[in-house]
Amino acid sequence: MKETTSLLNRLFDSGILFSTGIDGLYGRSGVFEDVIARFDALVTAFGGEDKAEVVRFPPAMNRAHFERSGYLKSFPQLAGTVHSFCGDDHGHAQLMECLAAGEDWTGQQKATDVVLTPAACYPLYPLIANRGVLKPEGALFDLQSYCFRHEPSVEPTRMQLFRMREYVRAGTPDQVVAFRADWLERGGKLIEMLELPFHVDVANDPFFGRAGRMMKNNQRDQGLKFELLVPVNSTEAPTACLSFNYHQDHFGRTWGIETADGAVAHTACVGFGLERVAIALFRHHGTDVQSWPSAVRKVLWG
Ligand code: ATP
Ligand code: ZN
């Protein structure tokens with residue numbers, strides 16, 4: 001715990017991140033953004049040969065798509081929705097009165113058609129489905145988005161708004177499983193080049209509530225999620241910097257995505273936590289990028 005707070009404070013003190021007064025919501029310095037951009041480019045250097053289609057969404061998505069995705073069933077505690085004032089003059093006067101009195105002013109806020117993106121790949125599945133049946137070779141996408149998760153924390157690696165770079169594969173079970181196996185290998189090579197200590201382990205998502213316990217066990221037993229973990233805040237609880245997720249036919253069924261031979265498509269994604277990797281680099285190599293190991297500097301800055 002103590003170590004955690006001090007890492008965050010060190011990042012503040014050295015001007016790498018800026019406090020906003022909210023745990024998990026930080027300003028980024030130019031140096032931090034440069035490290036993120038260089039790492040992002042390194043990911044592209046590893047994945048570029050696959051010729052994934054680049055798609056970028058804003059950090060919010062269609063609420064109807066979000067509702068259909070099943071996110072609220074599994075992770076209601078993490079979701080962030082966008083609400084706006086939808087009242088008239090009278091309502092506005094009431095709002096201003098509440099605000100002046102220091103009372104709750106949010107009573108007239110109504111849900112808009114927009115929610116915050118919880119993972120970079122969520123807005124993609126309806127786009128894939130809209131295009132119709134997959135080609136025989138399936139599909140491959142390159143995504144990056146700010147994502148929101150309501151999980152305030154003083155661990156600098158657990159933010160409420162952070163960026164996720166992803167590759168997403170849709171196709172037959174064989175195609176999708178091969179994609180994930182490839183990235184498990186590439187991910188290790190990539191992090192090795194950055195001279196960060198790591199190990200890969202089976203993992204589970206933070207499914208909510210009592211029903212969630214069974215889903216966590218099921219996900220682990222079937223080996224559907226792996227994480228590449230780097231000790232950042234502590235060695236006992238290393239941080240997931242990369243995730244390798246096999247969704248089986250979950251999104252294919254939800255969105256009606258079909259393979260060329262008429263079966264329900266399977267999907268998988270590999271996710272890179274851009275802030276997490278950057279913070280791991282600052283934690284292990286120091287807050288001054290000029291004094292990082294020369295091999296690491298060469299990999300990132302050429
Ligand atoms: P955790 O188990 O630590 O909550 P996760 O493995 O469930 O994370 P994913 O849902 O797989 O996370 O998200 C993909 C990637 O996004 C993760 O590998 C991680 O690097 C990054 N990530 C997830 N949550 C956060 C967060 N709160 N702050 C910063 N990065 C995050
Ligand atoms: Zn994903």
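In region 249-260, the residue that is nearest to the chain's Cα centre (by Cα) out of those that are open to solvent by 50 Å² or more (accessible area, probe 1.4 Å) and in contact (Cβ under 8 Å) with a residue 60 or more places away in the chain is 250. What about residue 11, is it of a type in the set (A, V, I, L, M), in the same structural domain as residue 205 (by TED's automatic domain parsing) and either over 27 Å from residue 193 (Cα atoms) or in contact with a Lys or Arg (Cβ under 6 Å, 6 or more places away or on another chain) (or both)? When the stated conditions are applied, residue 11 does not pass them. Do we find that residue 157 is surrounded by fewer than 20 Cβ atoms within 10 Å (Cβ to Cβ) and outside any helix (DSSP H, G or I) in this structure? Against the criterion (surrounded by fewer than 20 Cβ atoms within 10 Å (Cβ to Cβ) and outside any helix (DSSP H, G or I)), residue 157 does not qualify.
Residue 39 - would you say it is within 16 Å of ligand 1 (Cβ to nearest atom) and touching an Asp or Glu at 6+ places or on another chain (Cβ under 9 Å)? When the stated conditions are applied, residue 39 does not pass them.
All but one of (1) buried (at least 18 other Cβ atoms within 10 Å of the Cβ); (2) in a loop (DSSP other than H, G, I, E, B) hold for residue 190; which doesn't? So the condition that residue 190 fails would be (2).
Go through the residues of region 71-92 one by one and say whether even a single one is in contact with a Ser or Thr (Cβ under 8 Å, 6 or more places away or on another chain), of a type in the set (A, V, I, L, M, F, W, C) and closer than 27 Å to residue 24 by Cα. Looking through region 71-92, at least one residue is in contact with a Ser or Thr (Cβ under 8 Å, 6 or more places away or on another chain), of a type in the set (A, V, I, L, M, F, W, C) and closer than 27 Å to residue 24 by Cα.
The values are calculated or read from the model by the stated rules, or taken from the named source; none is laboratory data. In this text, all values refer to a predicted model and were calculated from it rather than measured experimentally. We place every Cβ from the backbone using ideal geometry, glycine too, and count neighbours over all the protein chains shown. These accessible areas exclude ligands, DNA and RNA; they are computed on the full protein's heavy atoms, side chains included. Shrake-Rupley method; radii C 1.70, N 1.55, O 1.52, S 1.80 Å.
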